[in-house]
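As structure tokens, the structure follows; a few thoughts come after it.
The values are calculated or read from the model by the stated rules, or taken from the named source; none is laboratory data. As the structure is a computational prediction, the values presented were derived from the model and not from experiment. Backbone-built Cβ (ideal geometry, glycine too); neighbour counts: all protein chains shown. Side chains are part of the model used for accessible areas, which takes the heavy atoms of the whole protein and leaves out ligands, DNA and RNA. Shrake-Rupley method; radii C 1.70, N 1.55, O 1.52, S 1.80 Å.
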Amino acid sequence: MTEEELLDLLQARFCDRFADIVAGRVLAADAVGVLYRVATAPHVTLPAAVRHRVLFRSAYVLERTYFTARSRFLPYAEDFCRRAFPECRDASAKRCFGKIMSDLLGTAHPDAPTLERIAETAADWAVDPASKVAVRVWAVEVLKRCRGRVAWVAEVWDDVVEAQTRGATPGIASRLRRSWLA
């Protein structure tokens, strides 16, 4: 599968099981590297609306690919930790990247500077009032994984959680009860 073929798939009409279908095609074509490049590239030549669609959908498919065939994502894990996660700017892609990072940090052990940058990024996303609820949820989950590994995260944890309680949506209130206050 070429990048152009993948871009065409990502721009096609959205349908039920979109991520499953495209992830299956990517895996069958052994094109996880192509997907990873598309999901982590700025695509400055595409019109803004198309660029946003491609970034979100490719991040969504990358998330599905990660959780379907984690071993196929692992060759990109170091770059994801060092560069792609901290450089993610698309508001919708952040949710997918946060979900991947939260799970990845359960087994990955990035070096201290990389882990610090991951935590800084997650903290920014968690307290940014413009962040979507799902982005904030996954950013706090990433911080929870960093809490015992990055000293300042433990120091600010209560403040981050308290910030989430203000005007908490039902989704955040549920996470607070089940996970973050535990």
Problem set entry | Residues that are crowded, with 20+ Cβ neighbours inside 10 Å and either modelled with pLDDT under 95 or more than 13 Å from G148 (Cβ to Cβ) (or both), drawn from the range 111-121 | I118, T121
Problem set entry | D124 vs. criteria at pLDDT 95 or above and open to solvent by 70 Å² or more (accessible area, probe 1.4 Å) | yes
Seminar exercise, completed: In the range 97-109, anything at pLDDT 95 or above and farther than 13 Å from R147 by Cα is listed as F97, G98, K99, I100, M101, D103, L104
Exercise. Which condition number in (1) open to solvent by 50 Å² or more (accessible area, probe 1.4 Å); (2) modelled with pLDDT of 95 or more; (3) under 16 Å from A39 (Cβ atoms) is the one that W152 fails?
Worked result: (3)
Exercise. In this structure, is C146 over 22 Å from R57 (Cβ atoms), out of contact with any Cys (no Cβ under 6 Å at 6 or more places or on another chain) and open to solvent by less than 10 Å² (accessible area, probe 1.4 Å)?
Worked result: yes
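Could you check the range 127-136 and list, in sequence order, the residues that are under 15 Å from A93 (Cα atoms) and surrounded by fewer than 24 Cβ atoms within 10 Å (Cβ to Cβ)? Give the steps one after another, and end with the answer.
The initial filter retains those residues of the range 127-136 that are under 15 Å from A93 (Cα atoms), namely 130-136.
If the condition is that a residue be under 15 Å from A93 (Cα atoms) and surrounded by fewer than 24 Cβ atoms within 10 Å (Cβ to Cβ), then A130, S131, K132, V133, A134 are the ones that fit.
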Exercise. Inside the range 61-70, can you point out the residues that are surrounded by fewer than 15 Cβ atoms within 10 Å (Cβ to Cβ) and of a type in the set (D, E, K, R)?
Worked result: R70
Seminar exercise, completed: Selection over the range 4-60 where residues are under 15 Å from S92 (Cα atoms), open to solvent by 40 Å² or more (accessible area, probe 1.4 Å), touching a residue at least 12 places away in the same chain (Cβ under 8 Å) and among the charged types (D, E, K, R) yields a count of 1
Problem set entry | Meets criteria (open to solvent by 50 Å² or more (accessible area, probe 1.4 Å) and at pLDDT 95 or above) for F80 | no
For this session: Would you mind stating whether R149 is within 19 Å of F80 (Cα to Cα) and not in a helix (DSSP H, G or I)?
Result: yes
For this session: Tell me, please, whether a residue that is farther than 15 Å from T121 by Cα, touching a Leu at 6+ places or on another chain (Cβ under 6 Å) and touching a residue at least 40 places away in the same chain (Cβ under 8 Å) can be found in the range 67-78.
Result: yes
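Regarding T107, is this residue farther than 26 Å from T165 by Cβ and among the β-branched types (V, I, T)?
Values: farther than 26 Å from T165 by Cβ: yes; among the β-branched types (V, I, T): yes.
Yes.
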